[in-house]
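Written below as structure tokens is the structure these notes are about.
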Amino acid sequence: MVQSSPIPSLMDRVPQEIHDMIIDIAAALPGAYVLKSASLVCRAWEAASRSHLFSSDFDFCPESISFLANGAAERILNSIREARFEDSYRYAYDWNLEALAIQMGEDMQKILPKMTNLYSLAFLCCDAKLVISLVGKAFKGNEKITELRIWSSEEENPFPSYRSVRETIAHFPALEMLDWNNSILGSTEDEATEFSAPVPPNLRTVDLGEEGVYDILDWLVEGGAAGSIQCLAINTLFDDELHFIRHFARLEHLSLPGILPSDERCEGEFERMLAPCSRLKALQLGIRVSFPNFGRDALTPPDIGRSSSDLQVQSPESGKVPWYSELLAGISSPVLSKLWLRVHYEEHPQDPLDPMDWKTLNTLLQTSQSYAQLKELEIYAGGLSGRQRSSAEDCEKWIRKELNGVRSGIRLLVKAW
């Protein structure tokens, strides 16, 4: 007797491309509950939904790692692309940190070879000892991780030494992007200079917060990697860190939202800072200036038609070129296409900082070859409105009047608050 094959269900007759399209629509809807519900409909929808549910921001905690290491939900491992370790689980366990690190490291060793698409790893507010142990045990020599983030708030969870930082990062030889904000105990001068962990050769993007900036920059320069970095962002840059920037000669994108210069700076120091960066395409710069001495209520509508030169502002540092004017004048790149300035006017006029020097910027826009290819100029000004009688709109008009040197081919965006 000939047995007939089972008739395929309606879902089996639908091409996988249709299932993928339906799941893509569900993933685009706000709220993950729609996608989670769709993944329970049938196997085809569950398979199509994995890349959306597990590909980004996967949480590596002791429970999830142990769950995966024991063979459960093994089918999702190949879908994980971006993952993070967080400190939120730290106080939920009675075992000590060393035992926790050993157990997590052993479990990670079991599942890591199956996560063939994992490329991004983040350690957020994790104890540095846990990070060092996990990286050394499970990720040492990993050639798939290209993005690494190590962040901890303020001075919590510091790395025990400069050497431990270099070793931890060097364990990822294929690293292309480093995002770092973690304090480091000791200094480079306190440690043996003969040891030098290699900087990952493919590193091109570096994003630094407020902690450990000097040590990371020193390592990049010392290791000869500064000349290969194309994108550099530093949240806070202090006076003793300025000299590092000139070593990043191949920068294309530079973000410095918080420069804190010394009152004793040498003349021309900032003008030389970006001179070697002949490939710079985009610059983001944070500028902190005192509100002009003509008073907090001066920017009322009748004053909008007047410029800062008309008001004859007297600066505490009269005759000294502001640091940001030196920096802008020192740009040597002929391909600069975007300039982003965040200007914050201080509340107290007696603060020893120059008022904003619009005159130098105007002159550069009109005459400097370094600004000949500029396509976008964005000005964000904080502190002009709110405590003033003038509105944000009036402040924006006043700034636009100051920027009378902008060419017609430059898109100008001014935003005040």
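The values are calculated or read from the model by the stated rules, or taken from the named source; none is laboratory data. Note that the structure is a prediction, hence the values are computed from the model and not measured. Using ideal geometry, Cβ is built from the backbone for each residue, glycine included, and neighbour counts are taken over all protein chains shown.
Restricting attention to segment 313-342, which residues are modelled with pLDDT of 90 or more and assigned to a loop (DSSP other than H, G, I, E, B)?
Of everything in segment 313-342, those that are modelled with pLDDT of 90 or more and assigned to a loop (DSSP other than H, G, I, E, B) turn out to be Gly330, Ile331, Ser332, Ser333, Pro334, Val335, Leu336, Ser337.
Checking Phe238 against (1) among the hydrophobic types (A, V, I, L, M, F, W, C); (2) in contact (Cβ under 8 Å) with a residue 24 or more places away in the chain; (3) assigned by TED's automatic domain parsing to the domain that holds Pro334; (4) surrounded by fewer than 16 Cβ atoms within 10 Å (Cβ to Cβ), which test does it fail?
(3)
Name the residues in segment 132-170 that are more than 14 Å from Ser183 (Cβ to Cβ), surrounded by 16 or more Cβ atoms within 10 Å (Cβ to Cβ) and small (Gly, Ala, Ser), would you?
The answer is Ser133, Ala138, Ala170.
For the condition of a type in the set (A, V, I, L, M, F, W, C) and at pLDDT below 85, what is the one hit in Leu299, Leu256?
Leu299
Does Arg204 meet the test of being under 19 Å from the mean Cα position of the chain (by Cα), outside the structural domain of Asp179 (by TED's automatic domain parsing) and among the basic types (Lys, Arg)?
no
Tell me, which helices (runs of 4 or more DSSP H) wholly within segment 11-86 include 2 or more residues that are of a type in the set (A, V, I, L, M, F, W, C), at pLDDT 70 or above and closer than 29 Å to Ile150 by Cα?
The qualifying helices (runs of 4 or more DSSP H) are 62-69.
If we scan segment 96-114, do we find a residue that is closer than 22 Å to Glu46 by Cα and not small (Gly, Ala, Ser)?
Checked against the condition, which is being closer than 22 Å to Glu46 by Cα and not small (Gly, Ala, Ser), segment 96-114 yields at least one hit.
Mind listing whichever residues of segment 69-86 are under 11 Å from Lys110 (Cα atoms) and surrounded by 15 or more Cβ atoms within 10 Å (Cβ to Cβ)?
Ala69
Tell me whether segment 262-271 contains one or more residues that are farther than 19 Å from Leu341 by Cα, assigned to a helix (DSSP H, G or I) and outside the structural domain of Val165 (by TED's automatic domain parsing). Don't jump to the end; show me each part of the working.
Residues of segment 262-271 that are farther than 19 Å from Leu341 by Cα, as a first pass: 262-269.
Then drop every residue that is not assigned to a helix (DSSP H, G or I), which leaves 269.
Right, trim to outside the structural domain of Val165 (by TED's automatic domain parsing) and you get 269.
The answer is yes, given that some residue of segment 262-271 is farther than 19 Å from Leu341 by Cα, assigned to a helix (DSSP H, G or I) and outside the structural domain of Val165 (by TED's automatic domain parsing).
I'm trying to understand the selection: among the residues of segment 259-273, which are in contact (Cβ under 8 Å) with a residue 60 or more places away in the chain and in contact with a Pro (Cβ under 9 Å, 6 or more places away or on another chain)?
We begin by selecting, within segment 259-273, every residue in contact (Cβ under 8 Å) with a residue 60 or more places away in the chain; these are 259, 261, 263, 270.
Answer for segment 259-273, where residues must be in contact (Cβ under 8 Å) with a residue 60 or more places away in the chain and in contact with a Pro (Cβ under 9 Å, 6 or more places away or on another chain): Asp263, Phe270.
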